[in-house]
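Participant: Here you go, one structure.
The values are calculated or read from the model by the stated rules, or taken from the named source; none is laboratory data. All values reported here derive from a predicted model rather than from experimental measurement. Every residue, glycine among them, receives a Cβ derived from its backbone with ideal geometry; neighbour counts consider all protein chains shown. Just the protein is used for accessible areas: all its heavy atoms, side chains included, with ligands, DNA and RNA removed. Shrake-Rupley method; radii C 1.70, N 1.55, O 1.52, S 1.80 Å.
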Amino acid sequence: QRHLLGIEPLHPSEIIALLDRADHYAEATRAGHKHGDALAGLTQINMFFENSTRTQASFEIAGKRLGADVMNMAMQASSLKKGETLIDTALTLNAMRPDLLVVRHPQSGAVNLLAEKVNCAVLNAGDGKHEHPTQALLDALTIRRAKGRLHRLTVAICGDIAHSRVARSNLILLGKMENRVRLVGPPTLMPAQIDQLGVEVTDNMAEGLKGADVVMMLRLQKERMDGGFIPSEREYYHRFGLDAEKLSHAKPDAIVMHPGPMNRGVEIDGTLADDINRSVIQEQVEMGVAVRMAAMDLLAANLRASAGQVEPGGP
Ligand code: CP
């Protein structure tokens, strides 16, 4: 494929190929090896129209580790502030002939729209409530490394599902890999037409976590609640915040995940989040760099293949 816009279009074999390459990069980084120059001579522009710590930093580090020339557009200081549209901004940058555009935008579908207007490869770094593909891929890699497989696992995704692109991309990926997914949270924070998703849904943490191999917690995404129902944090933590008691309903070796940013004492107990025997939250961050290296490496291979230089890769 030319772009990485979502998990939806990916075949399971493409997901596995990407995870295998990311695993290689993760191990090479841990061993202190140099990574070669898969992106040497390529220009990567990061355009973040919404705040980010993990995704932006890891895309920048990933590009630099593979030899790309990386530019972070300061969107707050760009001519968007003078009324230039997203598309005109994209066309302007496209005219400078970048090879990779990494885009985060608050509107669902904005990254797909932008991808139609440019000549380079586009990677979706999160668009509204739609998709966050590299997050789902780094979550998948973290699960596979912890559990030794990525199929026939029971995964409980808990919290604000309705506003979460992370939940959506994970739901699609885990489904493609034949896992059992449970959505746990208040009915007011479940997406519309939930019954069409083909997953188990409950508002009871004990029921939702029963026998789970993986417990994935989500933040209350107030920035996307549009003035709708926002639960009291105290009440929310009491019913849905993950602590040792609620986790005791999952399997004894269940892992705890969170994509970040995390609100301690709201959706998760701070001590549990830091418990290295249960929490893989820091490993998720580490795998984020490896997955983004693999994604850009494979897209660059496809760019070169379409230009007639080498064999195609994925994703
Ligand atoms: N998980 C995630 O997307 O984090 P950031 O918003 O910090 O990039």
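Participant: What FRET efficiency do you get for Lys147 and Arg239 if R0 is 22 Å and r is their Cβ-Cβ distance, rounded to the nearest 0.05?
Facilitator: For R0 = 22 Å, the calculated efficiency reads 0.20.
Participant: Where does the chain land at 222 nm, in deg cm²/dmol rounded to the nearest 500, when only DSSP H runs of n ≥ 4 count, each adding -39500 (n - 2.57), divided by all residues? Working shown, then result.
Facilitator: Numbers: 11 runs with 122 residues, N = 315.
Using -39500 (n - 2.57) per qualifying helix, the result is -12000 deg cm²/dmol.
Participant: Here is a follow-up. Using the Karplus curve 6.51 cos²θ - 1.76 cosθ + 1.60 with θ = phi - 60°, work out ³J(HN,Hα) for each residue of the range 172-182 in order, rounded to whole Hz, and write x for Gly and Pro.
Facilitator: With the stated coefficients, the range 172-182 comes to 5, 5, 5, x, 4, 9, 6, 9, 9, 10, 10 Hz.
Participant: Let me ask something additional. For the range 108-170, take N as its residue count and report Rg(C-alpha) divided by 2.2 N^0.38 Å.
Facilitator: Its radius of gyration relative to the 2.2 N^0.38 Å reference: 1.32.
Participant: For a quick check: with amide H placed at 1.01 Å from N, whose amide H comes under 5 Å from Gln107's, ignoring anything fewer than 5 positions away on the same chain?
Facilitator: Gly128
Participant: Report in % the part of the accessible area of the range 125-282 that belongs to carbon and sulfur, leaving out ligands and nucleic acids; probe 1.4 Å.
Facilitator: Carbon and sulfur atoms account for 48 percent of the accessible area of the range 125-282.
Participant: Please list, ordered by chain and number, the residues whose modelled amide H lies under 5 Å from the amide H of Asn46; skip anything fewer than 5 residues away on the same chain.
Facilitator: For Asn46, whose amide H was placed from the backbone, the distant partners under 5 Å are Met71, Asn72, Met73, Val102.
Participant: Send over a whole-number figure in Å² for the accessible area per residue of the range 158-197, probe 1.4 Å.
Facilitator: 39
Participant: Taking the Cα centre of the range 72-147 as origin and charging only Cβ (+1 Lys, Arg; -1 Asp, Glu), how large is the dipole, in debye to the nearest 20?
Facilitator: 280
Participant: Taking the Cα centre of the range 85-196 as the origin, how large is its charge dipole in debye, to the nearest 20, when only Lys and Arg (+1) and Asp and Glu (-1) carry charge on their Cβ atoms?
Facilitator: 580
Participant: Across the range 26-36, in residue order, what do the Karplus-derived ³J(HN,Hα) couplings come to in whole Hz, using 6.51 cos²θ - 1.76 cosθ + 1.60 with θ = phi - 60° and x for Gly and Pro?
Facilitator: 4, 5, 4, 5, 4, 7, x, 7, 6, 9, x
Participant: Taking every DSSP beta bridge that has both residues in the chain, what percent is antiparallel when rounded to the nearest 5?
Facilitator: Beta bridges within the chain, antiparallel portion: roughly 5 percent.
Participant: I've got another one for you. Which value in nm describes the separation of the simple spin-label points at Ile87 and Asp69, placed 7 Å from the Cα toward the beta carbon?
Facilitator: 2.9
Participant: Whole number in Å², please: accessible area per residue of the range 1-134, 1.4 Å probe, ligands, DNA and RNA not counted.
Facilitator: Spelled out: the 1.4 Å probe surface of the range 1-134, per residue, equals 46 Å².
Participant: Any chance you could list the semi-axes, whole Å, largest first, of the equivalent ellipsoid that the Cα gyration tensor gives for the range 251-313, using √(5λ)?
Facilitator: 38, 12, 8
Participant: Go through Ala300, Met287, Met262 and say which Cα lies farthest out towards the positive end of the charge dipole of the range 191-315; charges sit on Cβ, +1 for Lys and Arg, -1 for Asp and Glu.
Facilitator: The residue sitting most towards the positive pole is Ala300.
Participant: Under 5 Å between amide H atoms, partner at least 5 residues away or on a different chain: which partners does Val201 have, H built in plane at 1.01 Å?
Facilitator: Those qualifying (amide H under 5 Å, at least 5 residues apart or on another chain) are Leu183.
Participant: Could you give the distance between the Cα centres of the range 90-133 and the range 188-244, to the whole Å?
Facilitator: 29
Participant: Which angle between 0 and 90 degrees, to the nearest 10, do you get for helix 54-65 versus the longest principal axis of the chain when only C-alpha atoms count?
Facilitator: 40
Participant: Residues of the range 145-167 with amide nitrogen under 17 Å from the 7 Å Cα-to-Cβ point of Asp195?
Facilitator: So the set is empty, nothing qualifies.
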